[in-house]
């Protein structure tokens, strides 16, 4: 295999910015509930709306806090594992995309056969310097489509430089 020129993994924060923020808020909010034993704003509101409300003796707000922490952490870990085991490598003569954890998919694309490299960035992706990369070879369908890569313009330049024969 030829020399490795560039290596990247999709970024969790850049791929799921709002989801990551919500997951961290769940973890922090759950930690607050576990630490204080109170559900801020919700407990007083429930007692105001339902004056005769009696919560069961077995109900402890800390259990809800632990559940919030678990949901947030599991969501973050699932995204992290997905990003950690997806990898783009750009070599002198080929691009290798590895995808998957338990079952792996490898896609190797020869630099000489690359016809078009397309980068798509939404406004939020432009702010976060991330984007989606689509590589076309000889057919009408894309050979490779990768979402959430960091610095997609830099990746496109690497590919253009290598596929045109410059080094």
- Query: What are the residues in region 33-73 that are surrounded by fewer than 11 Cβ atoms within 10 Å (Cβ to Cβ) and assigned to a helix (DSSP H, G or I), if any?
  - Reply: 35, 48, 49
- Message: For region 112-125: of the residues being outside any loop (DSSP other than H, G, I, E, B) and loosely packed, with under 13 Cβ neighbours inside 10 Å, which is farthest from the chain's Cα centre (by Cα)?
- Response: 112
- Message: Just to verify a result, which residue in region 51-62, among those that are in contact with a helix residue (DSSP H, G or I) (Cβ under 9 Å, 6 or more places away or on another chain) and at pLDDT 80 or above, is nearest to residue 27 (Cα to Cα)?
- Response: 62
- Task: Considering only residues that are farther than 20 Å from residue 131 by Cα and touching a helix residue (DSSP H, G or I) at 6+ places or on another chain (Cβ under 7 Å), look in region 87-111 and name the one that is surrounded by the most Cβ atoms within 10 Å (Cβ to Cβ).
- Result: 111
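Looking for whichever is at pLDDT below 85, part of a helix (DSSP H, G or I) and surrounded by 14 or more Cβ atoms within 10 Å (Cβ to Cβ) here; the options are 13, 79. Which one fits?
Values: 79 fails: at pLDDT below 85.
Unique residue meeting the criteria: 13.
The values are calculated or read from the model by the stated rules, or taken from the named source; none is laboratory data. This is a predicted model, so every value here is computed, not measured. Here Cβ is always computed from backbone atoms with ideal geometry, including for glycine, and neighbour counts include all displayed protein chains.
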